[in-house]
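Here is the structure we will look at, set down as structure tokens.
The values are calculated or read from the model by the stated rules, or taken from the named source; none is laboratory data. On a predicted model such as this, the values are computed, not experimentally measured, just so you know. So basically every Cβ, Gly included, is an ideal-geometry build from the backbone, and we count neighbours across all protein chains shown. Protein only, heavy atoms only, side chains kept; ligands, DNA and RNA dropped before computing areas. Shrake-Rupley method; radii C 1.70, N 1.55, O 1.52, S 1.80 Å.
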Number of protein chains: 2
Amino acid sequence: MAQAHEQPHSDPYPTRLRQARDAIERMDPIVHSRAPDRWAGPLDEVALSNYERDGFLWFKGFFSRHRVEPFFDELKAIANDKTWMSSEQVIRDPDTGRIRSVFGMHRISRRFEELTRDARILGMARQLLGSDVYIHQSRINDKFGFEGSGFDWHSDFETWHAEDGMPRMRAVSASIMLTENNEFNGPLMLIPGSHHWFVPCVGKTPDQNWKASLKAQRIGVPSQESLSELARSGGIRAPKGPAGSLLLFECNTLHASNENMSPWPRSNLFFVYNSVRNLPRAPYAAPTRRPHFLAERENPKQLEMHDRYPELAG
Amino acid sequence: MAQAHEQPHSDPYPTRLRQARDAIERMDPIVHSRAPDRWAGPLDEVALSNYERDGFLWFKGFFSRHRVEPFFDELKAIANDKTWMSSEQVIRDPDTGRIRSVFGMHRISRRFEELTRDARILGMARQLLGSDVYIHQSRINDKFGFEGSGFDWHSDFETWHAEDGMPRMRAVSASIMLTENNEFNGPLMLIPGSHHWFVPCVGKTPDQNWKASLKAQRIGVPSQESLSELARSGGIRAPKGPAGSLLLFECNTLHASNENMSPWPRSNLFFVYNSVRNLPRAPYAAPTRRPHFLAERENPKQLEMHDRYPELAG
């Protein structure tokens with residue numbers, strides 16, 4: 001696949017360029033449902049407007065701690081399983097060798113798979129994306145006490161577009177906190193309003209870039225000038241709350257996290273919902289495709305709501 | 001000088017050991033003034049009791065922004081001065097080569113020197129240390145936007161005892177914020193109550209350890225077990241506030257700071273006040289002494305208050 005700088009004009013979001021260029025105004029809706037479908041719920045207009053303005057929504061204590069504990073236990077089981085730990089789906093911390101991320105969680109575990117189809121989360125994802133949806137990627141990010149290193153500022157969409165061929169901004173991530181996220185254990189930080197801009201990044205994508213980038217991202221990193229301008233304009237927010245809290249954030253919202261300086265582990269679960277009308281093509285700016293556990297292509301199955309009481313369903 | 005594990009029993013705070021050992025209960029007072037001198041001010045009994053409990057006191061907006069701006073300007077002047085930048089007193093960031101710390105500020109600049117003798121700060125230092133005091137060390141720590149790396153958890157006293165021969169815990173640091181310190185630009189974090197314990201550290205001090213340790217500390221770092229226990233017991237606090245805010249923290253309070261993930265620079269000024277009754281001896285656990293700009297020995301001049309209106313002084 002050709003690099004972006006050799007692309008035809010048809011790519012609205014060119015990136016991995018030879019030379020810096022200014023941020024490009026977003027060309028896609030943020031809430032894709034059009035009125036009156038937009039008002040069919042579950043999110044009300046205040047929430048939708050906040051999401052359009054900020055690029056994320058925070059639901060403190062969305063689930064109970066009791067409800068999410070089993071997921072954290074499954075992560076610990078993976079950490080103790082040598083076969084899993086040597087799998088490509090498990091990304092280790094560059095400094096310590098301990099688990100940093102596990103990808104494809106919804107294929108590993110029925111419990112995770114059912115959670116991706118939780119009626120409330122799936123309902124919000126469908127409303128925001130204005131269509132049926134499927135899971136583009138799922139993962140757990142884990143930071144051990146005093147050890148977990150951070151993630152530099154980036155837009156997920158920039159990578160998914162460049163390396164996975166996701167055409168447009170029509171995806172949303174749901175992040176569920178499996179532990180408390182507090183000021184000191186490296187919570188997710190976001191730049192409100194940054195999703196309104198696509199920041200083209202400089203640097204050609206190396207082959208199999210993902211093997212390095214999932215440990216420490218070097219390519220697909222916005223310039224300090226762009227970050228400064230967006231952070232000075234929108235500020236920075238770091239939602240905090242107990243295990244079970246939920247963050248929905250738009251695929252192009254700039255986010256990062258700092259090191260865990262505390263004894264308290266920080267573990268978050270991520271599901272990426274993509275619209276079935278936004279299926280990946282060939283990568284826009286990478287020589288080869290990434291593995292299926294990073295970017296679903298073989299089986300983009302539209303999700304059906306999971307109902308624990310199917311006998312009551314209509 | 002012999003290493004600590006070869007020391008006689010007389011050292012109450014052995015460190016840089018071959019093997020781990022448990023934390024030792026502090027053997028020195030925290031507030032050294034004895035009643036009724038203790039109550040002669042300027043700190044009242046509530047403040048003194050908080051300092052005894054937590055190991056620090058936070059004065060939000062102690063100086064006006066206007067008052068501290070010139071100090072930040074002097075730092076920028078040093079950053080633009082090639083001679084200074086090649087001096088040993090200027091410590092550079094291991095990743096970026098930009099200023100991380102400048103030592104001996106009170107010898108470089110009259111403005112800084114007079115600030116160390118500010119009547120209010122000097123009055124508090126004398127009250128806490130129960131004697132006349134002098135400047136053991138002064139420095140600026142600087143973190144550029146998106147660049148400044150962090151400092152791992154440590155006790156200053158541990159290093160000053162091991163490498164500078166400071167006998168007892170009878171020193172206090174005053175940190176004055178030259179920029180706003182907020183959640184995202186790597187503010188100082190402290191473990192309240194940690195100053196009640198001396199945590200012996202494992203590892204022999206290399207010769208000229210300071211050349212590496214001021215960039216990234218490897219020796220004199222408490223074990224994760226000790227840190228966990230103290231942080232789980234006392235929690236973590238990160239005082240935040242505008243430029244001009246003041247932090248007083250006891251020499252043995254564990255502290256750290258994370259990376260600056262924001263576009264906003266973070267710059268703090270430090271003066272270390274040591275009691276004239278606590279003058280350094282030979283290092284307790286290091287082969288050689290550190291340079292004078294890290295540990296004053298040649299001219300421990302007791303400080304006189306600086307009065308901008310000497311004609312009004314008694």
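What to note about this one:
- The conditions of being outside any helix (DSSP H, G or I) and touching a Lys or Arg at 6+ places or on another chain (Cβ under 6 Å) are not met by A:Pro42.
- B:Gly193 meets all of the listed conditions (1) on the phi < 0 side of the Ramachandran plot; (2) at pLDDT 95 or above; (3) out of contact with any Asp or Glu (no Cβ under 6 Å at 6 or more places or on another chain); (4) surrounded by fewer than 23 Cβ atoms within 10 Å (Cβ to Cβ) but one, namely (1).
- Selection of the stretch A:211-233 for residues being part of a helix (DSSP H, G or I) and modelled with pLDDT of 85 or more yields A:Gln224, A:Glu225, A:Ser226, A:Leu227, A:Ser228, A:Glu229, A:Leu230, A:Ala231, A:Arg232, A:Ser233.
- Checklist (1) of a type outside the set (Asp, Glu); (2) open to solvent by less than 30 Å² (accessible area, probe 1.4 Å); (3) more than 30 Å from B:Ser262 (Cα to Cα); (4) at pLDDT 95 or above applied to B:Gly203, failing item: (4)
- Being open to solvent by 30 Å² or more (accessible area, probe 1.4 Å) and in contact (Cβ under 8 Å) with a residue 40 or more places away in the chain holds for only one residue in B:Gly55, B:Gly61, and it is B:Gly61.
- Yes/no for B:Gln89 being modelled with pLDDT of 90 or more and open to solvent by less than 60 Å² (accessible area, probe 1.4 Å): no
- Restricted to the stretch A:236-259, and to residues there that are part of a strand (DSSP E or B) and charged (D, E, K, R), the residue that is farthest from the other protein chains (Cβ to nearest Cβ) is A:Glu250.
- Verdict on B:Phe72 being modelled with pLDDT under 95 and open to solvent by 30 Å² or more (accessible area, probe 1.4 Å): yes
- Filter result for A:Ser267 (within 19 Å of A:Leu178 (Cβ to Cβ), away from chain B (no Cβ under 14 Å), touching an Asp or Glu at 6+ places or on another chain (Cβ under 9 Å) and open to solvent by less than 50 Å² (accessible area, probe 1.4 Å)): yes
- Strands (runs of 3 or more DSSP E) fully within the stretch A:142-198 counting 1 or more residues that are under 29 Å from A:Gln127 (Cα atoms), touching a residue at least 24 places away in the same chain (Cβ under 8 Å) and at the interface with chain B (Cβ under 10 Å from one of its Cβ atoms): A:151-154, A:188-190
- Test: residue in the stretch B:272-281 that is more than 14 Å from chain A (Cβ to nearest Cβ), open to solvent by 10 Å² or more (accessible area, probe 1.4 Å), out of contact with any Lys or Arg (no Cβ under 8 Å at 6 or more places or on another chain) and not aliphatic (A, V, I, L, M): yes
- Some residue of the stretch B:210-221 being touching a residue at least 40 places away in the same chain (Cβ under 8 Å), open to solvent by less than 80 Å² (accessible area, probe 1.4 Å), away from every other protein chain (no Cβ under 14 Å) and among the polar types (S, T, N, Q): yes
- Of everything listed in (1) touching a residue at least 40 places away in the same chain (Cβ under 8 Å); (2) open to solvent by 10 Å² or more (accessible area, probe 1.4 Å), the single unmet condition for B:Glu113 is (1).
- Residue count for the stretch A:92-110 under the criterion of being without any contact (Cβ under 8 Å) to a residue 40 or more places away in the chain and either open to solvent by less than 50 Å² (accessible area, probe 1.4 Å) or among the aromatic types (Phe, Trp, Tyr) (or both): the result is 2.
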